[in-house]
1. Which cross-chain or sequence-distant (5 or more) residues have an amide H under 5 Å from the amide H of Tyr224, H modelled 1.01 Å from N in plane?
2. Between Lys390 and Ile320, what FRET efficiency comes out of the Förster formula 1/(1 + (r/R0)^6) with R0 = 30 Å and r the beta carbon distance, rounded to 0.05?
3. Compute the acute angle (0 to 90°) between the alpha-carbon long axis of helix 369-384 and the principal axis of greatest extent of the alpha-carbon atoms of the chain; round to the nearest 10°.
4. Round to a whole number: what % of the accessible area of segment 107-166 belongs to carbon and sulfur, probe 1.4 Å?
5. May I ask you to derive the FRET efficiency for Arg438 and Lys266 from their Cβ-Cβ distance with R0 = 56 Å, giving the value to the nearest 0.05?
6. At what distance in nm do the modelled label points of Val343 and Val312 sit from each other, each positioned 7 Å from its Cα along Cα→Cβ?
7. Angle check, please: helix 445-456 long axis (alpha carbons) against the longest principal axis of the chain (alpha carbons), in degrees 0 to 90, nearest 10.
8. Kindly write out, for segment 483-488 in residue order, the coupling ³J(HN,Hα) from the Karplus curve 6.51 cos²θ - 1.76 cosθ + 1.60 (θ = phi - 60°), rounded to whole Hz, with x marking Gly and Pro.
Amino acid sequence: MINRRTFLHSATASTLAGFAASPAWAQTAAPAKVTRGGTLTAAIFADPITFDPHLTGNLQGRGAVMAIHDTLFGIDEQGRLAPRLAESWEWSDGGKTMTVKLRQGVKFQDGTAFDAAAVKYNIDRIRDPKTGSLRAGEIRALDKLEVVDASTIRFLLKYPFAAFPFPLTDVAGAIGSPTAFERWGKEYGLHPVGTGPFKLAEYLKDTRTVLERNPTYWREGRPYLDKVILRPIPTDSTRLAELRAGGVQFAEALPLQDIVRLRQAKNLVVSERVGFRWEYFGFNAHAEFPGHSKAFRQAFQWGIDREALHKVAYFGTGSIGFSGILPGSPFFDADYHPFKRDVEKAKRLIGESGLSGPISITGPLQPDPVKQRAAQIFQANAAEIGVQVKIEQVDSAGYRSLLQSGKMPMDLQGWWGYRPDPDQYLAILLHSSGSYARYHGYNDPEMDKLMLAQRSAGSEAERKAIFGKITALMNEDAVYVPWHYSSDFKGLSPKVKGFYHAASGIVAFENMYLEG
């Protein structure tokens, strides 16, 4: 649904997960009338910190990196893998080999030719322990790379893995100039050189990043803007004030409590993308915690008030969630609603849990206002079914330490951000080798079989069926109790055109322009 003031990007079902070349990536034809030039100033939540694709971590850094560096693959509007620097790809050897044809005639911003050797250089750099890349784990299924010719590269995997290409839609697949890497070494993050629509012109930490148009960009006629200025403004209300005053024309992460009011405003546009992340309450299944009882965990599937959580914690934004598959994924099932609140059933399950009363459990909580509101509702819901929840305030370091030690009784903070393929996070949460599964003491042999089966499946339809079984088993085991899909919000001046709200929250500035 689109109206004059509000964009709401609705997820749709779709049918391809990267087993063959997708239709053209969103290289849409230029609008009939475009205003070229000008400067767009965007208020972002945090400083990008580094422009090295192999070392960047936060959303703002990833966005800036991907404005400078093209990625091998893209994601289309249906959540499917799509071409970008990779024009086409083909799977063979039972899903263990992916041969990729690269776009020809593309050059890096320093004049270096983009080719298969450049791709191999980047992937090898990620895999080199000396680099200290945050992306190495995302491509650990890779055994070796072969340069077939200048425009063809072959990825040989250790095992069949349908989701392997999806990290290459993000900064793991952002390709930098080998010449620049060699010249700048560890300082590359301040001297990035990609094939993307913009070049880094200026960087003042915590003040601004200036990106200027790349005149040799391979997409003829793009970008439309001459410059993009990124201003880190960590306070939600200040970003909004700057947008309303005209100091910026674009702002990310609008305050949730203001969304209803802002949708009625005449001087700005609110864009919402549901499925930016999914929320869950997690239980520790190790023997020393109440969560070792399956019936105890299952009680909360019926005992929590998802409607209240949706309205109070998120001010009615986003949507109620029942699985770990995000809206916008081709594997999402919009008709899956297995639970409705049933306090009496929840009480019966507590009675069948084998736990002696009074039952008490502690949940550490960081000073996140959304999670604070959610925890208070969870605490009240738990009391109704005979469980006392003690909330323990901790900082982020304390939370992380407790989680990684395996000593966190329950996880009130649980969430996972958007990734284009659910394997990218569900394997971490649900497969017995995954770090979060180990933290929470989760080990189900049937789940392990299902997770491996979806990786080697031969079609998207087959994977979707398996993900349905994974979702059902996850909810049966109830180590993770899902409750919400949160939204990403952007605010725009009415003069801003050409904006597409990606599920990742990362903005493609190359298609945007300022009207008038």
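1. Amide H neighbours of Tyr224: Met512.
2. Numbers: r = 26 Å, r/R0 = 0.88.
Efficiency for this residue pair is about 0.70.
3. Tilt relative to the chain: about 20 degrees.
4. Values: 1370 of 2620 Å².
Its accessible area is 52 percent carbon and sulfur atoms.
5. Values: r = 52 Å, r/R0 = 0.93.
Efficiency for this residue pair is about 0.60.
6. In this crude label model, Val343 to Val312 measures out at 1.3 nm.
7. The helix 445-456 is inclined about 20 degrees to the chain.
8. These are the phi-based 3J(HN,Hα) values: 9, 7, 10, 8, 9, 9 Hz.
The values are calculated or read from the model by the stated rules, or taken from the named source; none is laboratory data. No experiment lies behind these values; they were computed from the predicted model shown. Because the Cβ atoms are built from the backbone with ideal geometry, glycine has one as well, and the counts that use them run over all protein chains shown. To get the accessible areas, we keep the full protein, side chains included, count just its heavy atoms, and leave off ligands, DNA and RNA. Shrake-Rupley method; radii C 1.70, N 1.55, O 1.52, S 1.80 Å.
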